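Since the structure comes first, as structure tokens, the remarks are kept for the end.
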Amino acid sequence: MKFVAALLLMSSLAAAQEVTSDRISNLRVQGTLEARFPVALKSSRPLTVSFDGSDADPERFVIRIWHCDRDWQRTESIFLNDASRNAIRTQIPYTRAPQGVQGYRYSYALRLPGTTDWEQFAFSGNYVLEIWDSREEQRLGSARFIVAESLLAGGARVWNRQDPSAVAPMYQVHKVLLSYTVPPQDPRNDAPVYAQFIRTVDVYRNRECSRPYRIDVDDRDPDTFVEGWGTDALQFSIDNIPCGNEYRSLDVRSTDLYPPGTLLHRRDGADVSRWLKPGPRDHDGTSTQVNTGQYADDVQYRFELLVPPDQRPDSVFVVGDFNGWTPSEPWRLVWDVASQRFTGQGRFRRGQYDYQYVADGVDWTALEGNDWRTTNVYTAVLYYRDPRFGGFDRVLAVAQGRSPGGTEATTP
């Protein structure tokens, strides 16, 4: 199944977002497309990178930006990754934390492209941003984003499909199709595009940047198809993507319901497994943080999950915008024998978040369910293997489509 293939791909990738020092927190990358997917266009439509700092005085952080291939490995070419030119050393714009806030001292934010020292991107592609201290002695965090050459309006379509080989509820799946037409060659363009070098599309669900579903000309996956390869009209499609469930919602903006200075937890009891229970409409994996006033502080939140004995996995992780939708050790819950539930604590800025639980770090449906009524935003990223400079991956275009919802298949 494609789900298994995606898990294998995910295990080979680094975290989409990572904080490695307590000097910074609340790292987020926000684009302007649906689900705020972290995409920028080469010289316009910027994205925003934001984080909080705990140092007593504003830190002059160094930002390093590395071009990567489609597998998020650093591109080995001095033409694309020149360490003498890929750093932002000017002071990142910051604001002082509101009076009364104790979890951090300053909030930092920069726009890419459009910030000093980085007015535009010379090349499209996958990028990893690293945050370093002023002396570049300690890497404090990192995050992924994508730079595309164009945005395809209506280029991606999504349907409900039925997988006859699966049992309920896993027979409910999505199919995603990306159509792309190679534009006529412009003799003034020093970077022409040849159809035979367009071979790969990655499909992301909502903001789940750690686990793309891949379509490639050379793969042997029975759920992926490439039509028209080598011609000017291409179609990339993938079938049998589990729909998942609407994300759970966590809203701790109210200080009356969630007082400051206390360990917060769900007011109406622990979360429960949702294998056959659809959830209410979510926010496509996005988050909204409190940014003003004395209560724009970090909170400590206790996650609790009840699981029937016959469904209990070996381990459970919680994912959301607070950790880049990536299962990671700091967000692993532990089994509490006394209460017979998985528990764990997380720290994040007061606000509203979508989140969900992941069984054993890889299974996103066992504890959450799978239902056609779930509406997801799918982002398709079209890669081009440019033969120049020893070969590197460009992103010719991105396109987005939303699943239709409902309770029935929407394709023949």
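Laboratory data are not the source of any read-out in this text; all were calculated from the coordinates shown. Bear in mind the structure is a predicted one, so any value in this text is a computation, not a measurement. Please note: Cβ atoms are built from the backbone with ideal geometry, for glycine as well, and neighbour counts cover all protein chains shown.
Miscellaneous remarks
- Looking at segment 2-148, the pairs of alpha carbons with a distance over 25 Å make up 29% of the total.
- In units of the compact-protein estimate 2.2 N^0.38 Å, segment 167-218 shows a Cα radius of gyration of 1.66.
- Segment 68-124 and segment 356-405 have Cα centres separated by 24 Å.
- Segments 234-241, 308-315 sorted - mean Cβ within 10 Å per residue, highest first: 234-241, 308-315
- Shape of segment 107-236, Cα gyration tensor, a/c cut at 1.5: oblate
- Highest-first packing order for the peptide set 204-214, 244-254, 358-368 is 204-214, 358-368, 244-254, based on the mean count of other beta carbon atoms within 10 Å.
- Only Lys, Arg, Asp and Glu carry charge here, each on its Cβ (+1 for the first two, -1 for the last two); on that basis the chain has a dipole of about 660 debye about its Cα centre.
- A straight chain from ARG347 to ILE78 at 0.36 nm per residue would run longer than the Cα-Cα distance by 92.9 nm.
- For the chain, calculated [θ]222 nm from helices alone, where every DSSP H run of n ≥ 4 adds -39500 (n - 2.57): -500 deg cm²/dmol
- What separates the Cα centres of segment 319-335 and segment 185-262 is a distance of 21 Å.
- Size descriptor, Kirkwood hydrodynamic radius, that averages inverse alpha-carbon separations across segment 248-359, Å: 14.8
- Which label in [x] 65, 56, 30; [y] 106, 61, 42; [z] 52, 46, 44 gives the computed Cα extents along the principal axes in Å: [x]
- When segment 148-253 is described by a simple charge dipole with +1 on each Lys and Arg Cβ and -1 on each Asp and Glu Cβ, the residue from ALA156, PRO169, ILE215 located farthest towards its positive end is PRO169.
- Interatomic Cα distance distribution for segment 363-412, bins of 5 angstrom, percent: 5, 15, 13, 16, 14, 11, 10, 8, 6, 2
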